[in-house]
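Below: one structure, written as structure tokens.
Read the figures in this text as sums done on the coordinates, not as results from a lab. Keep in mind it's a predicted model, so treat the numbers as computed, not measured. Because the Cβ atoms are built from the backbone with ideal geometry, glycine has one as well, and the counts that use them run over all protein chains shown.
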There are 2 protein chains.
Amino acid sequence: MAQYMDVHHGMKGITREQLEEAHKAGLAVEGDEGVHFERAWADPDSGVVYCLSEAPSADAVKRIHERTGHPADEIHPVPLSIW
Amino acid sequence: MAQYMDVHHGMKGITREQLEEAHKAGLAVEGDEGVHFERAWADPDSGVVYCLSEAPSADAVKRIHERTGHPADEIHPVPLSIW
């Protein structure tokens, strides 16, 4: 398992409810791919959303986001982190 | 105070030690601007680094990063988050 940060663009105007709904949609199916979405952050003004996950691969993250209708524009493994 | 996610590009090959050193450099001076760097994640392969902070403004984050020699390429307020 590794950590991934993925980025979605074009989400201008996203609301707290929409972010929560998208996150819940991911949680509902993430187990099929061994993914877990841990955190998400959104900037409604610029339309960027960041999701932090633990997953077996970037492709697994990609497939879960696609299944929920929220394809990611970038998915980066982040093997280095400071907590 | 608000949360910000900033992004650095061009950090290919960054090591754990370099990430920790950069984070510590920020912690050493962040108080001057009322900023606190909470987390950082790095992908040495693509050279992208994400920093999560609490700060009074994006400009405050910008100035701290500049002072430590690590100017950010993007700084986004992230008023929406899921923890």
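One residue stands out in segment A:32-83 among those that are more than 8 Å from every other protein chain (Cβ to nearest Cβ), acidic (Asp, Glu) and farther than 20 Å from residue B:42 by Cβ: the one that is surrounded by the most Cβ atoms within 10 Å (Cβ to Cβ), namely A:33. Just the residues that are without any contact (Cβ under 8 Å) to a residue 60 or more places away in the chain and either surrounded by 15 or more Cβ atoms within 10 Å (Cβ to Cβ) or aromatic (Phe, Trp, Tyr) (or both), please, taken from segment B:1-11. Listed by number, the list holds a single entry, B:11. For residue B:14, the conditions (1) buried (at least 18 other Cβ atoms within 10 Å of the Cβ); (2) under 30 Å from residue A:15 (Cα atoms); (3) within 13 Å of chain A (Cβ to nearest Cβ) are fulfilled apart from (2). Look at segment A:20-35: where a residue is under 19 Å from residue A:3 (Cβ atoms) and a partner is hydroxyl-bearing (Ser, Thr, Tyr), sitting 6+ places away or on another chain with Cβ atoms under 6 Å, you get A:26/A:68; A:35/A:53. Against the list (1) of a type in the set (A, V, I, L, M, F, W, C); (2) under 25 Å from residue A:4 (Cα atoms); (3) over 11 Å from the mean Cα position of the chain (by Cα), the condition residue B:72 fails is (3).
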